Amino acid sequence: MSTSQQPGAEAADPVPIPVPVEPAPVPAAGGVLSRPYLALSLGIVSVVLLIAFEATAVGTAMPVAARELHGVPLYAFAFSAYFTTSLFAMVLAGQWADRAGPLAPITLGIGGFAAGLLLCGTAGSMWVFVLGRAVQGLGGGLVIVALYVVVSRAYPRRLQPAILAAFSACWVVPSVVGPLIAGTVTEHLGWRWVFLGIPVLILLPLLLALPQIRRRAAGPLPADPDAPPRTAPRGRLAWAFALSLAAGLLQYAAGDPDWWSLAPALVGAVLLALAVRVLLPPGTWRAARGLPAVVLLRGVAAGAFIAAESFVPLMLVTQRGLSPTLAGLSLALGGSTWAFGSWVQARPAWSAYRRTFMTFGMVLVAGAIATAPGVLLPWTPVWIVAVAWGFGCFGMGIVTSGTSTLLLELSAPEEAGTNSAALQMFDGLSNVLLLALGGAAFAAAGGGAVGAGHDLSAAAGAATGHPAAFAAVFLPLAVVAAVGVGVARRTRE
């Protein structure tokens with residue numbers, strides 16, 4: 001209400017005086033690659049692309065690095081160090097970006113990510129290498145959450161689905177060519193260049209993105225006097241540290257299963273249960289409508305699908321005699337269908353049906369996981385896995401990009417960072433937990449004997465027994481994904 005319309009204004013001044021009104025800004029026409037957004041879009045998408053490439057390439061270089069550094073016993077810690085520190089950094093980035101804007105966490109995060117790469121690439125011992133991975137995790141966690149805040153502030157609502165779909169698609173090409181490039185570099189130049197080459201490449205995205213972020217999204221949001229006071233739980237960072245510690249303890253216990261591992265496993269489980277109650281939106285575990293269901297759906301979908309995907313190549317090699325190369329190619333179709341799923345949900349004309357699409361996507365995910373172990377039957381054609389996984393990846397493209405879009409739609413601007421941190425944190429946490437549970441089920445059903453004495457590099461050979469071990473992994477994960485179908489229906493407030 002303007003001052004000329006307030007009660008009493010007309011009595012105080014009976015002569016209407018025209019008050020100049022500044023016209024509302026007109027949203028820029030075009031898409032995320034139109035001139036107003038081109039530099040910002042290219043910059044932030046390039047950052048995500050480089051992080052994705054490093055994440056997919058590091059697994060190829062890691063075995064060689066561990067052998068040369070005489071640190072094979074610390075091999076698992078090189079992976080878990082990144083994950084545990086990134087959990088803490090995600091929560092830190094969410095609070096920091098909400099209060100002061102995303103520019104500082106992105107700048108520090110990219111610097112930390114590059115510093116971690118340099119530490120890994122120049123490491124003279126395995127402990128220094130593990131330290132570098134931990135620093136990488138801090139940087140990566142800061143960046144990925146702060147970028148969601150950039151999207152929330154710098155792009156109009158109509159363009160947010162498209163740029164988030166681009167984030168999702170950034171993982172497609174690295175997942176296909178990343179291991180190949182990393183393998184070639186490791187073989188001809190050495191494993192260190194897999195880490196030392198990326199810090200140089202990250203300079204161009206910095207030059208493109210940071211000036212645009214400073215202009216469009218920097219600084220705290222102006223206070224809204226009509227907004228209700230925020231009631232964020234106290235000590236979030238302390239609970240984030242507890243969550244990281246819990247994840248480390250659980251991974252340590254899983255990597256060294258004996259009676260002595262029960263104590264760290266129990267402490268980790270208790271800390272995990274307490275921390276997630278604070279760090280996730282209230283009502284997440286009961287799939288409360290709206291934002292809690294969105295966060296839960298992301299974790300259910302990502303955890304079930306990624307955990308199942310980890311066992312597909314092993315199943316094809318040991319049960320059907322495929323070479324590792326052919327087993328890997330069976331998943332290659334999924335990269336393009338994942339990107340297509342992200343593109344589908346980002347179409348403005350279909351935005352009203354986003355929740356319906358996500359429900360359909362979860363049906364495809366559950367169907368793919370349930371179909372894959374069909375190859376355990378000798379009369380089932382092997383190509384059925386590639387087809388099923390293509391459909392499953394299409395569903396995952398819809399769900400992952402759709403949940404990111406809905407999260408920003410359901411978040412107040414000043415809470416975009418905190419809620420994005422919850423989404424990313426639960427995504428990664430569910431991956432690790434469901435993969436650990438799947439591994440436990442696999443071992444309990446006799447999976448330890450799978451491939452024993454079998455040359456996994458051979459293209460053919462007699463299949464190893466224990467198909468029930470794979471069924472014990474895929475069927476429960478299919479049930480988890482089926483639960484996600486119901487959760488997807490509750491994403492509407």
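The values are calculated or read from the model by the stated rules, or taken from the named source; none is laboratory data. The shown structure was predicted, so the numbers you read here are calculated from the model rather than taken from an experiment. Cβ coordinates were reconstructed from backbone atoms using ideal geometry, including for glycine residues, and neighbour counts include every protein chain displayed. We work out accessible area using only protein heavy atoms, side chains counted, and drop any ligands, DNA or RNA first. Shrake-Rupley method; radii C 1.70, N 1.55, O 1.52, S 1.80 Å.
Before moving on, here are some points about what is shown:
- Count of segment 409-428 residues which are surrounded by 24 or more Cβ atoms within 10 Å (Cβ to Cβ), over 10 Å from the mean Cα position of the chain (by Cα) and either over 17 Å from L147 (Cα atoms) or of a type in the set (A, V, I, L, M, F, W, C) (or both): 3
- Of all residues in segment 345-381 being modelled with pLDDT under 85 and of a type in the set (A, V, I, L, M), the one that is least open to solvent (accessible area, probe 1.4 Å): A346
- Per-region count, segment 280-317, residues within 14 Å of A372 (Cα to Cα) and among the polar types (S, T, N, Q): 1
- A residue that is aromatic (F, W, Y), at negative phi, over 15 Å from the mean Cα position of the chain (by Cα) and open to solvent by less than 50 Å² (accessible area, probe 1.4 Å) can be found somewhere in segment 386-393.
- The one condition from (1) buried (at least 20 other Cβ atoms within 10 Å of the Cβ); (2) not in a helix (DSSP H, G or I) that H70 does not meet is (1).
- Criterion (β-branched (V, I, T), surrounded by 19 or more Cβ atoms within 10 Å (Cβ to Cβ), modelled with pLDDT of 90 or more and assigned to a helix (DSSP H, G or I)) met by exactly one of V294, V317, V312: V294
- Residues that are outside any loop (DSSP other than H, G, I, E, B) and modelled with pLDDT of 85 or more, drawn from segment 188-202: R192, W193, V194, F195, L196
- Unmet criterion (only one of (1) assigned to a helix (DSSP H, G or I); (2) at pLDDT 90 or above; (3) open to solvent by less than 30 Å² (accessible area, probe 1.4 Å)) for V270: (3)
- Whichever residue in segment 49-65 is β-branched (V, I, T) and over 19 Å from A115 (Cβ atoms) and, among such residues, is surrounded by the fewest Cβ atoms within 10 Å (Cβ to Cβ): V64
- Out of E22, E68, one residue alone is modelled with pLDDT under 85, at negative phi and among the charged types (D, E, K, R). It is E22.
- The lone criterion from (1) modelled with pLDDT under 85; (2) closer than 30 Å to A287 by Cβ left unmet by A459 is number (2).
- For Q95, the conditions (1) over 26 Å from Y148 (Cα atoms); (2) open to solvent by 10 Å² or more (accessible area, probe 1.4 Å); (3) in a helix (DSSP H, G or I); (4) not small (G, A, S) are fulfilled apart from (1).
- Residue match in segment 131-151 (condition: in a loop (DSSP other than H, G, I, E, B) and either at pLDDT below 90 or closer than 19 Å to A346 by Cα (or both)): no
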